[in-house]
Amino acid sequence: MINKKQLDGQASPSPKPRHSKQPASTPERFLHRLFGNERELKTNLSLLSMSLPGIVLLFIFAYLPMLGIVIAFKDYRFNLGILGSEWVGFQNFRFLFGTDAAFRITRNTLLMNLLFISTTTVCALTVAILMNEAYRSRLSKYYQTMLFFPYFISWVIVSYFVFAFLNGQTGMINRWIDALNLDRIAWYRSPEYWPAILVLANLWNGIGFSSIIYLAGILGISPELFEAAKIDGAGKLQQIRYVTLPMLYPMIIILALLAIGRIFHADFGLFFFLPRDNPLLYSTTDVIDTFVYRSLVELGEISMAAAAGFYQSFVGFLLVVGANWVVRRVNEDYALY
Amino acid sequence: MIRHRVLTILSVLLLASMVLTACPATAPADSMGAESQQEAAAPSPAEGLVNITYTYGSRGIPADLQMVEDAMNEVLHDKIGVNLTLEPIDFGAFNDKMQLRLSAGEECDIIFTAPWINSYANNVANGVLAPLDDLLLNHAPGLWGSMPPTTWDAARVNGVIYGVINQQIFPKPWGVHPRKDLADKYGLDLNSVTKWEDMEPWLAAVRDGEGITPVFVAAPGRGLWLPQYYGFDPLDDGISFLGMKADDDSLTAVNMAESVEFQMAAESTKRWVDEGFMPLEPLPNDEAQSAFRAGQYAMGYHVEKPGNDVEAQNAYGFEFLSKSLTVPLILDTAGATATMNAICATSQNPGKAMEVLEEFNTNAFIYNLLSRGIEGVHWVWDDEVNQVMRFPEGVDGNTSSYNPNTDWMFGNQFNAYYRDAKQVGAWEATKKMNDTAFPSEALGFVVDREPIKTEIAQTSAVYNELVLPIQYGWVAYEDGAAEAIEKLNEAGAQTIINEVNRQLQDWRARNPR
């Protein structure tokens, strides 16, 4: 169960001081930007030290491994080690772009993730607003738990649910279709249905998580705003439109930017297990991650896998910077940095 | 979505290896070595014992592992002065764990390696396996002499042996195992069956009479295309389309997807699917196997080695017939090297490790201890004269506290006790099959993937997408083959074939017939 206290704890990050006075010399300026001036440092010392373990972990698991990028440019051999292996430049990247599959997997990855981001944002916002209205209801905890629960179910298991619904011989949906005297649909042989199936599965899985975040955001909005709106005669829908949504924009944009940063990384479990790695469905379900897996599973080439991972991260990085730049142009306050 | 999910096995491997780079590669290896030496000192205070670990794949970890390990050490301590540690890893994780450990340079002694798991070719290319020629001659003369040099050649890469071949069935006698009750009921005369297509009248009769899809196939799908059945030597398990006619003394590799044999197999498969002999959407493996046990299939087709009817009976509960339809039997590199044990380049005592392998392969007592457990505890004699064992009363293969059921992993399978009186003589028959199989002209040749790995990655994606649906009978050959072959070639199939042909000629020049 998720209670209100936890939610409030998660509420939106405090605004950063943007235009504080800065010392002149560069290293000092850097330290200043990191920790604020001496007085700020003193007052925040306990908070800073509490964040230290997190920062250390982040450094170890997110920054140190970046050195491994070098593997993508080497012909990595176990016995020679990373530094000892031969430098081969961009050769490891060739397999990604050598066939016309490159266009398809890029298109599928981008389009499916765009669909996921947009549908999840819209549906999660709707659900969050509904949950907020029902927040004092007895059943609200029950709703939240039910919505959140799928988030913990592995895609392997979900793939069996989906198979039970869709398979050709004994699938539930085909049984219903039989009962209606319509023609059966061979789901696992018809790629055209799969974008919708995957979007539904992704929503079912992720909506609980995202809506809880938005709900936390809504609960953080000062009630005075709603009261003022009510006094001015705003109805429920107008309150949502003129108070709730504008107050949530920064959060929506931050979450969207973070999602865009991973737009080149498809959810491997979702795209691999739900279509059951079925060649007949590749035209709509094959994404960069599944393609890389399929290309390299026999070969076991770590360097080529590293190249694919680097390519995804690099494009993701460009997209975040680009999207942030666009957001900054529209409204500086909403930008990530 | 802010969330972490397991991406791909490969990227996990990658990440982990990246993390490991943070510390110098030798540091963990050294500390591990020190630890294991200390561990060794604790349980076995006897002077002069050498510690050897054996790491292999296992279906779960047997409950009585320690008991078996102790029983083995009772012999090994005195005989070769070795303290053996068994280190089974669950099959589901075996490949990833081994690749991670090997890539991290962790110390190991004996490991299981094969073309299909913990890849032999990759391990050799990565230099993590010790060369074995001298070790075999000096430390394992019995093992060395148990197989003809031509068989050992199959394990050679660039002239050096890196893996000890486990003797078992080497050729692939692809054939059929129909249920005996249904064969009798619908008048199947297996003697007159010489090819897949001869099964069709009976399959049709079973389909109509029993109302079932007669041929057992599990997801994702499977076709009748089995290269050895059609006389091909598939030169590399990782390059699905590549093969060579086993009797082609000019050593010319071809694209098997372009061969008339592939077309025949694909067309028959399509017919079997269309006629309802094979399921169009096969069930996942576990469910398909339970369906077989429940009588939902009438026939399987697989490697019909001697005694396979008994194995099928044990697995599915019905009585089976079994017949190989593969003529002639072909001995190829992949078949001979299907399961191997190798010694790590990081091993401190490769000589002692080889002596352990000598025991695994030539000492029937040790071998059966490892593969079957302790007499009187895990199994009892059914007929000691014919070396037939059975489980003790009230115990079966699933409830036994030590039943790895992977004889083929540990050593010479011909030293195994029989599990069923009906199997008596199967090892002699299998050995005869091995000895009389027709050696492929390319027996002993191993593809060096290094110069063509980009093309292999590209073509394997194309093969899975466009050739497999034809192979599985989902797409008609005439509808899909032209595009599949064109795309294969665009992805570099011809480059691979040219390179492999060059390697074949080189290999022939170095190994004249």
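Some observations on this one:
- Peptide A:98-106, shielding by other chains (average Cβ, 10 Å cutoff): 4
- Derived scalar couplings ³J(HN,Hα) [the range B:383-400; Karplus, 6.51 cos²θ - 1.76 cosθ + 1.60; whole Hz; x for Gly, Pro]: 7, 5, 4, 8, 6, 9, 10, 8, 6, x, 3, x, 10, 10, x, 7, 9, 4
- Inter-probe distance in nm under a simple model that places probes 7 Å from Cα toward Cβ, at B:Asp181 and B:Gln66: 4.5
- With all protein chains modelled, accessible area of A:Met66 [1.4 Å, Å²]: 100
- Distant-in-sequence amide contacts of B:Leu129, defined by a placed amide H-H separation under 5 Å and a gap of 5 or more residues or a different chain, comprise B:Ala345.
- Interchain or long-range residues, amide H under 5 Å from B:Gly221's placed H: none
- Extending 7 Å from the Cα toward the beta-carbon at both B:Asp198 and A:Asn181 defines two label points whose distance is 4.9 nm.
- Averaged over A:263-275, number of beta-carbon atoms from partner chains that fall within 10 Å: 2
- Remark on B:Val475: its backbone amide H falls under 5 Å from those of B:Ile470, a criterion applied only to residues 5 or more positions apart or on other chains, H modelled at 1.01 Å from N.
- With both residues required to sit in the protein assembly as shown, DSSP beta bridges show an antiparallel share near 60%.
- Whole-Å distance, taken between Cα centres, linking the range A:222-280 and the range B:178-239: 55
- Sequence of A:Leu248, A:Leu125, A:Leu200 when ordered by accessible area, the most exposed leading, probe 1.4 angstrom: A:Leu200, A:Leu125, A:Leu248
- Whether the range B:399-450 is rounded, prolate or oblate, judged on the alpha carbon gyration tensor where a/c under 1.5 counts as rounded: oblate
- Hz values of 3J(HN,Hα) by residue in the range B:489-498 - Karplus curve (6.51, -1.76, 1.60), Gly and Pro given as x: 5, 4, 7, x, 4, 5, 4, 4, 4, 4
- Extension gain (nm, one decimal) between B:Asn511 and B:Asp208, 0.36 nm per residue minus Cα-Cα: 103.6 nm
- For the peptides A:159-165, B:324-330, A:70-76, residues were scored by their other Cβ atoms within 10 Å and the scores averaged per peptide; the highest-first order is A:70-76, B:324-330, A:159-165.
- FRET efficiency for the A:Tyr63 to A:Ala134 pair, using the beta carbon distance and R₀ = 35 Å, is estimated at 0.25.
- Expressed as a whole percent, the accessible surface of chain A that belongs to carbon and sulfur atoms is 67, based on a 1.4 Å probe.
- Relative contact order for the range A:143-224: 38 percent, from Cα pairs under 8 Å spaced at least 6 residues apart, divided by residue count.
- The local environment of B:Leu135, defined by Cβ-Cβ distances under 15 Å, has a net charge of -4 under the rule Lys, Arg +1 and Asp, Glu -1.
- Each 10 Å bin, from zero up to the one with the longest distance, holds this percent of the alpha carbon pairs of chain B: 4, 16, 26, 28, 19, 7, 1, 0.
- Helix B:260-274 axis versus longest C-alpha principal axis of chain B: approximately 70°, rounded to the nearest ten.
- Shape class for chain A: oblate, because the ratio a/c of the largest to smallest gyration tensor axis (alpha-carbon atoms, square roots of eigenvalues) is 1.5 or more and b/c is at least a/b.
- B:Arg502-B:Asp134 FRET efficiency (beta carbon distance; Förster radius 30 Å; 0.05 resolution): 0.50
- Remark: spin-label model distance B:Asp189-A:Asn44 equals 9.2 nm, labels positioned 7 Å along the Cα→Cβ axis.
- Three-way shape label, the range A:182-337, alpha-carbon gyration tensor, a/c 1.5: oblate
- Partner shielding of A:55-64 amounts to 1, given as the average count of beta-carbon atoms from other chains within 10 Å of each residue beta-carbon.
- Take A:Leu319: with every protein chain present and a 1.4 Å probe, its accessible area is about 60 Å².
- Evaluating 6.51 cos²θ - 1.76 cosθ + 1.60 at θ = phi - 60° for every residue in the range A:277-287, the Karplus couplings come out as 6, 8, x, 5, 9, 4, 4, 10, 10, 7, 10 Hz, glycine and proline recorded as x.
The values are calculated or read from the model by the stated rules, or taken from the named source; none is laboratory data. Bear in mind the structure is a predicted one, so any value in this text is a computation, not a measurement. Every residue, glycine as well, gets a Cβ built from its backbone with ideal geometry; the counts of neighbours run over all protein chains shown. Just so you know, the surface numbers come from the protein's heavy atoms only, side chains and all, with ligands and any DNA or RNA stripped out. Shrake-Rupley method; radii C 1.70, N 1.55, O 1.52, S 1.80 Å.
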